[in-house]
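The values are calculated or read from the model by the stated rules, or taken from the named source; none is laboratory data. Keep in mind the model is a prediction, meaning the values are calculated, not measured. Glycine also receives a Cβ, built like all others from the backbone with ideal geometry; neighbour counts cover every protein chain displayed.
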Amino acid sequence: MSYNAVLRKENAEVFGRMSLSTLETLPGSWDIMFGDNFIPKTTDLKTILCDSKFPLSIHTVPGEREIIVKPDFRGENFEYKFSVSRTTKVRQLKDWIWEKMEMQGKSGLLKGHKMALLLHPDDKDDKILGDNQPIKGHSYGLTVFGTCPRKSCRSNNIPQQQTTYKAGYGFLRIDLKNKNVRCVGCKAPNCKFPPSTLVVCEGRALFRFKKTEGHLDAQTKLLESFGGIDEYASFDVGGGNAEYDWIEVTTVKKDESVYSCSRCNMPIQKWKETVLYGCPLSHPVHRGCKEDQCGICNARDIRTESLTLWSIIQLGQI
């Protein structure tokens, strides 16, 4: 039986796996995660590249996840860890950061400045952290190249006639059917361009791509380059992958991991902590979480038609 989701109970322990075509039939109290991102139940599964190797995680016992805030403010570097739930808002996170800074005697650094400077400027106070987080551009990491469709764009007046989008480090989903990469060379705020090449510099990037329609499993490609700004690895969108509709890219720094643990479902922070099981799909796991057998590959199959009755029993409604 093919599957694209695993079911988890307390402490993220895997106890089943199944194939889902929609999320709307799942109980509202359950948390749905893809990697370390919360996924709303209204998400169209055709736009999520979940499969047997990178399955969704369905948490039947909702819990919290750990996030790390690393603001670089006025020459001071911070690293704070917080446990957040699906409904935690940015305002709460700002309050927690302020409390931490007061305890460490650093609150004076914010005098005359807004707390928003510590976070992404698009993070409004009422924004829920469970939503996809915006990605701030960097000099290193992932850069998207392409040609702007607007003739007035200044990028069309240079010899290369290419514009770029600096995605930096983090997660990026690209819809190849629609122009959904923002053009930085164009004055029009909503101007977007189709990507042609994705370049990785001073980072490690996991590319995943597949067709929107059909049951073709997503393909995976890992690229890395650590030779400085002049050294890079490239992913050609218009080459052998042109038939695919979606590309998802996770880009991290040299000592970081692109995976989430298949056992505890938490991000694997360090590359040296990453271990791949010897199972057919090489599911990743924390070195400290590794057991003799892969929990996902050895979980029992649960068919979709059995889920409704099973969920009622589990929730104690009968």
**OP:** Please specify each residue of segment 285-305 satisfying the condition of being part of a helix (DSSP H, G or I) and acidic (Asp, Glu).
**Re:** Glu305
**OP:** Quick one: which strands (runs of 3 or more DSSP E) lie wholly within segment 5-45 and hold at least 3 residues that are of a type in the set (Lys, Arg)?
**Re:** none
**OP:** Report yes if Tyr232 is under 23 Å from Asp175 (Cα atoms) and either modelled with pLDDT of 80 or more or more than 19 Å from the chain's Cα centre (by Cα) (or both), otherwise no.
**Re:** no
Original post:
Only one residue in Ser262, Ser282 is at positive phi, part of a loop (DSSP other than H, G, I, E, B), outside the structural domain of Cys50 (by TED's automatic domain parsing) and in contact with a strand residue (DSSP E or B) (Cβ under 6 Å, 6 or more places away or on another chain). Which one?
Top reply: Ser282
Subject >> Flag if Glu213 is modelled with pLDDT of 90 or more, assigned to a loop (DSSP other than H, G, I, E, B) and not β-branched (Val, Ile, Thr) >> reply: no
**OP:** Keeping to segment 79-100, report how many residues are basic (Lys, Arg), modelled with pLDDT of 75 or more, within 24 Å of Ile39 (Cβ to Cβ) and not in a strand (DSSP E or B).
**Re:** 1
